[in-house]
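Engineer: Encoded as structure tokens, here's the structure I'll be asking about.
The values are calculated or read from the model by the stated rules, or taken from the named source; none is laboratory data. Just so we're clear, the structure is a prediction, and the values are computed from it rather than from any experiment. Cβ coordinates were reconstructed from backbone atoms using ideal geometry, including for glycine residues, and neighbour counts include every protein chain displayed.
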């Protein structure tokens with residue numbers, strides 16, 4: 001086998017991420033029939049409880065791949081038109097000319113020009129992406145707030161547009177995926193979470209992937225520590241949090257093993273058709289919340305170092321937790337990794353995140369995992 005797994009190198013790589021400042025992380029790497037699982041550090045800084053590779057974790061925007069797949073499967077069945085206007089399905093949520101101009105596809109690939117609702121739901125983040133002018137106060141204020149997704153959608157729809165529907169670059173917005181959740185509900189007659197569970201999660205045979213039933217993560221899990229660019233020092237535990245603030249855009253919990261299984265089946269054409277998969281991998285530029293530009297498709301985006309083989313997947317962050325899952329197009333190598341600290345970079349005098357040893361250690365882990 002070319003570039004077989006090097007267990008010792010992977011063990012050292014995850015340990016180096018821990019030593020660089022992440023309290024705990026765990027990962028699964030696959031190369032052909034070889035599987036490596038590893039973990040380093042602690043799940044609880046107060047007790048020293050160790051992390052393990054089988055823990056459940058909030059996976060953030062990886063949820064978007066699951067939502068996209070659910071919509072695409074209904075499109076394959078002729079129940080949703082990807083290029084139909086969202087106003088045809090949800091005229092009360094996106095009325096008038098905007099409802100006619102914004103298509104389902106534009107919601108999935110973030111070219112709808114609908115604004116992000118989060119700074120309106122979390123007022124202390126109103127200055128995003130200028131993070132130096134934000135504060136983490138809203139994270140505490142809304143720890144147990146039960147948000148209504150229709151109200152959150154209303155915040156995004158009523159905010160000033162961030163472009164022209166279908167224009168490029170697109171602008172990343174969780175408003176898009178909350179609307180996709182209402183679309184799934186309208187078409188199927190059941191909740192989006194229940195439909196995705198039946199149509200995607202159970203179909204893929206995922207046993208440890210689920211939407212939250214309350215503010216706590218069900219099953220063995222790590223605490224999640226948020227630093228908010230050094231404004232929370234020491235980092236605070238946000239592992240207990242009502243996830244209605246992000247809903248279908250990022251509330252799913254899973255394991256690294258389940259994520260690898262999901263993306264492996266997806267890229268093998270066992271969850272959506274080859275035509276749908278090809279559409280998922282058709283990308284365009286999208287501006288993220290941090291101002292960075294990524295190529296984004298339908299719930300998937302490519303990841304690669306210059307001159308290297310491209311991997312496909314998604315990543316996600318929640319308050320205190322981060323996850324990344326990626327797979328080579330031929331399915332022969334993949335990585336899923338979870339960390340229990342977020343926004344560790346402090347800001348420089350211009351308000352930009354400073355480099356941190358964690359960034360280099362994670363990049364080294366990705367290289368060892370992806371390329372051997």
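Engineer: So which helices (runs of 4 or more DSSP H) are wholly in the range 142-227 and hold at least 3 residues that are under 17 Å from residue 318 (Cβ atoms) and touching a strand residue (DSSP E or B) at 6+ places or on another chain (Cβ under 7 Å)?
Structural biologist: none
Engineer: Within the range 281-295, is there a residue that is in contact with a strand residue (DSSP E or B) (Cβ under 6 Å, 6 or more places away or on another chain) and surrounded by 22 or more Cβ atoms within 10 Å (Cβ to Cβ)?
Structural biologist: no
The rows are residues; the columns are (1) surrounded by 24 or more Cβ atoms within 10 Å (Cβ to Cβ); (2) at pLDDT below 95; (3) closer than 19 Å to residue 335 by Cα; (4) under 15 Å from the mean Cα position of the chain (by Cα).
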{"position": "237", "(1), (2), (3), (4)": "no, no, no, no"}
{"position": "241", "(1), (2), (3), (4)": "yes, no, no, no"}
{"position": "245", "(1), (2), (3), (4)": "yes, no, no, yes"}
{"position": "256", "(1), (2), (3), (4)": "yes, no, yes, yes"}
{"position": "261", "(1), (2), (3), (4)": "no, no, yes, no"}
{"position": "264", "(1), (2), (3), (4)": "no, no, yes, no"}
{"position": "274", "(1), (2), (3), (4)": "no, no, no, no"}
{"position": "279", "(1), (2), (3), (4)": "no, no, no, no"}
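Engineer: Sort out which residues of the range 331-349 are over 25 Å from residue 31 (Cβ atoms) and touching a residue at least 24 places away in the same chain (Cβ under 8 Å), and write them in order of number.
Structural biologist: Passing the criteria: 340, 341, 342, 343, 344, 345, 346, 347.
Engineer: Does residue 343 satisfy the condition of being under 17 Å from the mean Cα position of the chain (by Cα), at pLDDT 95 or above and more than 18 Å from residue 65 (Cα to Cα)?
Structural biologist: Details: under 17 Å from the mean Cα position of the chain (by Cα): yes; at pLDDT 95 or above: yes; more than 18 Å from residue 65 (Cα to Cα): yes.
Considered against the rule, which asks whether it is under 17 Å from the mean Cα position of the chain (by Cα), at pLDDT 95 or above and more than 18 Å from residue 65 (Cα to Cα), residue 343 comes out as yes.
Matching residues to (1) more than 30 Å from residue 132 (Cβ to Cβ); (2) touching a residue at least 12 places away in the same chain (Cβ under 8 Å); (3) in a helix (DSSP H, G or I):
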{"site": "257", "(1), (2), (3)": "yes, yes, yes"}
{"site": "262", "(1), (2), (3)": "yes, yes, yes"}
{"site": "272", "(1), (2), (3)": "yes, yes, no"}
{"site": "289", "(1), (2), (3)": "no, yes, no"}
{"site": "308", "(1), (2), (3)": "yes, yes, no"}
{"site": "324", "(1), (2), (3)": "no, yes, no"}
{"site": "351", "(1), (2), (3)": "no, yes, no"}
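Engineer: With the structure loaded, tell me whether residue 312 is buried (at least 24 other Cβ atoms within 10 Å of the Cβ) and either assigned to a strand (DSSP E or B) or in contact with a helix residue (DSSP H, G or I) (Cβ under 7 Å, 6 or more places away or on another chain) (or both) or whether it fails that test.
Structural biologist: Taking the combined requirement at face value, the residue satisfies it.
Engineer: If I ask for residues that are in contact with a helix residue (DSSP H, G or I) (Cβ under 8 Å, 6 or more places away or on another chain) and over 15 Å from residue 312 (Cα atoms), which ones from the range 277-288 would you list?
Structural biologist: Within the range 277-288, none qualify.
Engineer: Scan the range 29-44 for residues that are modelled with pLDDT of 95 or more and either out of contact with any strand residue (DSSP E or B) (no Cβ under 6 Å at 6 or more places or on another chain) or over 12 Å from residue 333 (Cβ atoms) (or both) and jot them down.
Structural biologist: 34, 35, 37, 38, 39, 40, 41, 42, 43, 44
Engineer: Could you grab me the full set of residues in the range 67-112 that are touching a residue at least 40 places away in the same chain (Cβ under 8 Å) and at positive phi?
Structural biologist: Step one: filter the range 67-112 for residues touching a residue at least 40 places away in the same chain (Cβ under 8 Å), giving 67-76, 79-80, 82, 86, 89-90, 93-94, 98, 101-112.
Of everything in the range 67-112, just one residue is touching a residue at least 40 places away in the same chain (Cβ under 8 Å) and at positive phi, namely 110.
Engineer: Considering only the range 228-255, state which residues are in contact with a helix residue (DSSP H, G or I) (Cβ under 8 Å, 6 or more places away or on another chain), within 11 Å of residue 57 (Cα to Cα) and not in a loop (DSSP other than H, G, I, E, B).
Structural biologist: Matches in the range 228-255: 254 only.
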